[in-house]
Amino acid sequence: MGTRPSPGTPPIANNRPGLTRPNTGDRVNIGQVNINHQNNVNAIRNRWSYADRRPFNPNWWANHPTTLPANVHGWRWHQHWGRYPYGWCWRPATWATFGTWFAWTWATPMPYNYGTNVVYRDNYVYVNEQQVATSEVFYQQAATIAAQTPEEVNAEQTEWLPLGVFAIAGDDGVDTGMLVQLAVSKDGIIAGTFYNDATDEGKPIEGSVDRETQRAAWKFVDGSNNEIVMETGIYNMTQEEATALVHFGPERSETWLMVRLPEPEAEDEAKP
């Protein structure tokens, strides 16, 4: 198995002082690592089990795109999401749902397990042991997928399927206090929010799904961190937890963990 690029800082570390990558030097054995991983994942889900901590309810959509730094293009999809019922964006998607949702169909899913069946080796990227691209080209492919969002689409008439809300963690499950909320249109447009719990701030994200490779990639569209692209397989987002790849430009990428958070149960206590 190849090695990943050297670890760095999370996508918006500058907005979250003191956040550092966990020290991997103290790991004892695989069994202990797995126990620690699961304990960390359970702690993340427990943390977000309280309704008053949860963003992304109809009131949140109504308030935040106007109170956060304005970017008409960046929030063009989100301003219509208040019409959906409470808890809509937290709902999970299934592979079977994709078969009737998209304007195309896939015969079989293509899992992207970064660090396992997708590895970096000697500046090349291998998928299922097959060399697919240089690391720079692989980044450019992700950036291209993330940029495939047509300007002429009517945002108000666009229908959306929620993919869910995921906590972003280190690859060993250590919490970062950041969430990513994602939805996808019938034409494969991805939109959502990158949320920082420490500041109660969200950044609009936008991207797409590639029909041939099933790679899903997105980026910030508020004018910040233009070089950062996050990607995973569309099938990965049907799982309870899955790896994702965060590109900090063509020369550095990291594997992070997306931990699905459950749908909220209470309606009257969620964040305004």
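Residues in segment 79-101 that are outside any helix (DSSP H, G or I) and either touching a strand residue (DSSP E or B) at 6+ places or on another chain (Cβ under 8 Å) or at pLDDT below 95 (or both): Y84, P85, Y86, G87, R91, P92, A93. When segment 153-178 is limited to residues that are among the small types (G, A, S) and not in a loop (DSSP other than H, G, I, E, B), the one that is farthest from Y235 (Cα to Cα) turns out to be G177. Among the residues of segment 139-177, those identified as farther than 28 Å from A96 by Cβ and at pLDDT 90 or above are Y139, Q140, A143, T144, A147.
Criterion applied to N46, N57 was being within 16 Å of D200 (Cα to Cα) and at pLDDT below 80, and the one residue passing it is N57. Scanning segment 205-242 for residues that are in a strand (DSSP E or B) and either modelled with pLDDT under 90 or among the small types (G, A, S) (or both) turns up G207, S208, A216, A217, G233, A242. Restricting the first member to segment 208-234 and to residues that are without any contact (Cβ under 8 Å) to a residue 60 or more places away in the chain, and the second to residues that are aromatic (F, W, Y) and surrounded by fewer than 22 Cβ atoms within 10 Å (Cβ to Cβ), the beta-carbon pairs closer than 7 Å and six or more apart or on different chains are E227/F248.
When the residues of segment 165-201 are filtered to those that are of a type in the set (G, A, S) and crowded, with 23+ Cβ neighbours inside 10 Å, the one that is nearest to E151 (Cα to Cα) is A191. Counting only residues that are outside any strand (DSSP E or B), among the polar types (S, T, N, Q) and over 19 Å from S208 (Cα atoms), segment 114-152 holds 5 of them.
Pairs meeting the criteria (first residue in segment 113-131 and without any contact (Cβ under 8 Å) to a residue 60 or more places away in the chain, second residue surrounded by fewer than 17 Cβ atoms within 10 Å (Cβ to Cβ) and hydroxyl-bearing (S, T, Y), beta carbons under 7 Å, at least 6 apart or on different chains) are N123/T134; Y124/T134; Q131/Y124.
The values are calculated or read from the model by the stated rules, or taken from the named source; none is laboratory data. In this text the structure is predicted, and so the values were computed from the model without any measurement. Methodologically, a virtual Cβ is constructed for each residue, glycine included, from the backbone with ideal geometry; neighbour enumeration extends over all protein chains shown.
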